[in-house]
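Remarks on the structure that follows.
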Amino acid sequence: MSVPTVDDVRAGLDRVRDRIEAAGGDAEKVRIVAVTKGFDAGVVSVALAAGVTDVGENYAQELVAKWPSVRTTGASPRLHFVGRLQRNKVRSLAGLVDVWQTVDRSSVGAEIARRAPGATVLVQVNVGDEPQKGGCRLDDVDDLVAELSGLDLDVVGLMAIAEQADLATVRDQFDQVRRAADRLALPERSMGMTADLEAAVGAGATMVRVGTALFGPRPGGAIA
Ligand SMILES: *Cc1c(COP(=O)(O)O)cnc(C)c1O
């Protein structure tokens, strides 16, 4: 499945919904964010035709090249930015992104507040303290949420990417994120990807971010 068809994506959505249900989640309530990084605007259109309502992108440059043409088709999916976010990229993204999932420091939050006042954001938590990953430390999340709220951003939840580890570790990391979100009274928890969505749903994910499960392997070696 190099270029996925509408039927492929529909079948992928059905499989993801089955997995959510099998993990004890409610497939009507857990939002599926279809991650289209590495695929062109044509694949985004295919995804929308298959019923996708929420789309995730990782790379600012790719998003800016791809999304103006999606927006002119009249389609209005919610666009989530799920990649590493640099302050100097916020300006070019501001007119396109609906949900900023990877805010991990106040300087980035301040720039979002300046370019897209009142924007919907999630705070990314680096729950495994992995040096190569974005996200704030779990110990710092309360302060960051307070700062972002003070900037009049609409902080709706936490986002995390679990370590590639054994199931017990992954599950424990998702539990930690869920507990932090509960403590902060944040309703959304964006956790789980193709490989670990059951653990995330079991721990209370309200959004899963899936690429491979819907579209197959990414072309051109976009791995992360
Ligand atoms: C690429 C990516 C995904 C989707 O990954 P799959 O394994 O293809 O489901 C989800 N979240 C983030 C942050 C990603 O970078």
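Helical runs assigned H by DSSP (4 residues or longer) give the chain a calculated mean residue ellipticity at 222 nm of -11500 deg cm²/dmol, each run adding -39500 (n - 2.57) before division by the residue total.
In this structure the amide hydrogen of Gly56, modeled in the peptide plane, comes within under 5 Å of the amide hydrogens of Ala34, Val35, Thr36, His80, none closer than 5 places in sequence on its chain. Other residues with beta-carbon under 11 Å from the beta-carbon of Leu167 carry, at +1 per Lys or Arg and -1 per Asp or Glu, a net charge of -3.
At the listed q of 0.08, 0.09 Å⁻¹, the Debye profile of segment 6-215, built from one uniform point per Cα, gives log10 I(q)/I(0) equal to -0.25, -0.32.
Students often forget the sequence filter, so: which aspartates and glutamates lie under 13 Å Cα-Cα from Lys133 once same-chain residues fewer than 8 apart are removed? Here the aspartates and glutamates satisfying the reach criterion relative to Lys133 are Asp104, Glu163.
Taking Cα centre as origin and charging only the Cβ of basic (Lys, Arg, +1) and acidic (Asp, Glu, -1) residues, the dipole magnitude of segment 6-215 rounds to 660 debye. Solvent-accessible area of segment 6-215 (1.4 angstrom probe, protein heavy atoms only): carbon and sulfur portion equals 46 percent.
Heavy-atom accessible area with a 1.4 Å probe sorts Ile161, Ile112, Ile32, largest first, into Ile161, Ile32, Ile112.
The values are calculated or read from the model by the stated rules, or taken from the named source; none is laboratory data. Since the structure is predicted, the reported quantities are computational estimates derived from the model, not experimental observations. Backbone-built Cβ (ideal geometry, glycine too); neighbour counts: all protein chains shown. Note: areas computed on protein heavy atoms with side chains; ligands, DNA, RNA excluded. Shrake-Rupley method; radii C 1.70, N 1.55, O 1.52, S 1.80 Å.
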